[in-house]
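Please read the structure below before turning to the comments.
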Amino acid sequence: MKTIIANWKMYLGVRESVALSRGVLRGLRGMKTIPEVILAPSYPALGEVSKILSRSRVRLSAQNMSHQDHGAYTGDVSSRMLKELGVNAVILGHSERRAKGMVDSDVHLKLVRAVAEGIDPIVCVGEPSATHEAGETEGYVHEQINTIFEGVETNKRSTIYVAYEPLWAIGSGKTPSIHDVETVHAMIREQLSELGIDKVSVLYGGSVDPENAYEFLNNSEVDGVLIGGAGVRIQKLLDIITVASEIKA
Ligand code: PGA
């Protein structure tokens with residue numbers, strides 16, 4: 001089964017998120033096989049969206065989380081607060097957080113916290129444009145995976161999602177070749193397996209839309225996609241989910 005994650009970033013408020021979630025559930029009703037769908041609204045919308053999704057199989061993700069347990073951390077949100085709202089996944093290390101100063105060692109700490117709390121982590125990695133152009137993508141991502149995952153003990157309950165999102169592909173309309181995606185995904189899977197982490201789902205993210213979704217999703221190295229821009233438009237999101245539902249995994 002393929003996985004579709006829609007990251008709604010800071011695009012949608014509570015009412016819009018509720019409307020889009022309802023639209024997704026309505027759209028899923030007509031589908032024969034339903035892929036795994038994970039919606040990631042903004043923090044303020046999590047509670048209301050959670051109520052809507054509660055009797056469905058659609059999962060709820062946050063877009064970030066503190067690695068701290070609790071305390072004087074103004075503006076931060078803890079894993080326990082997320083669990084209270086029915087959140088069961090969290091995006092960690094998205095490039096738009098990294099642009100504000102988050103580094104791999106921070107992502108590592110967040111990952112440890114998420115796993116301890118039973119929240120499935122969606123860890124984002126990916127190289128900047130210059131690294132891609134220099135042909136050094138694999139080395140770069142290898143290093144990221146090492147720093148983030150080394151010494152992390154996962155448990156059987158958690159699925160670890162890793163989203164390979166080249167920074168230059170996010171929101172740009174540009175995508176890497178399927179061959180490049182396949183190579184990086186295979187490397188990530190092998191590396192995690194060497195670290196003893198086997199329950200892994202490796203996703204691609206960066207300018208995925210209904211037109212290119214099939215090429216990514218139809219590849220056996222690609223367990224799913226993480227969508228930004230296309231995921232806030234109901235028809236585009238349902239079109240991508242439909243593509244996923246028609247692929248025999
Ligand atoms: P995009 O965003 O689909 O708009 O490129 C992807 C992401 O930020 O995860």
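The values are calculated or read from the model by the stated rules, or taken from the named source; none is laboratory data. Keep in mind it's a predicted model, so treat the numbers as computed, not measured. Glycine also receives a Cβ, built like all others from the backbone with ideal geometry; neighbour counts cover every protein chain displayed. These accessible areas exclude ligands, DNA and RNA; they are computed on the full protein's heavy atoms, side chains included. Shrake-Rupley method; radii C 1.70, N 1.55, O 1.52, S 1.80 Å.
Just a few scattered comments:
- Region 147-249 - convex hull of alpha carbons, volume per residue in Å³: 111 Å³
- Annotation: lysines with alpha-carbon distance below 28 angstrom to K248 (same-chain offsets under eight excluded): K2, K32, K156, K174, K199, K236.
- Computed extension gain for M81 through H179, at 0.36 nm per residue and net of the alpha carbon distance, reaches 31.3 nm.
- The sum of -39500 (n - 2.57) across all DSSP H runs of n ≥ 4, divided by the residue count of the chain, sets its helix-only mean residue ellipticity at 222 nm to -12000 deg cm²/dmol.
- What region 3-245 shows is 46 Å² of accessible area per residue, with the surface traced by a 1.4 Å probe over protein heavy atoms.
- Loop-resident trypsin sites (Lys or Arg not before Pro) (DSSP state other than H, G, I, E or B) in region 220-249 with no more than 11 further Cβ atoms inside 10 Å of their Cβ: K248.
- Region 99-198, dipole about Cα centre (Lys/Arg Cβ +1, Asp/Glu Cβ -1), debye to the nearest 20: 440 debye
- Between region 63-130 and region 18-35, the C-alpha centres lie 27 angstrom from each other.
- Working ranking of peptides 86-92, 96-102 by packing, defined as the average number of other Cβ atoms within 10 Å per residue, highest first, is 86-92, 96-102.
- Selection from H185, S54, G151, by position along the positive dipole direction of the chain (Cβ): S54
- Cβ-placed point charges (K, R +1; D, E -1), dipole of the chain about Cα centre in debye, nearest 20: 1560 debye
- In terms of overall dimensions, region 3-245 has a Cα radius of gyration and Dmax of 16.8, 48 angstrom.
- Residues of region 167-183 with amide N under 19 Å of the 7 Å Cα→Cβ point at E136: 167-169
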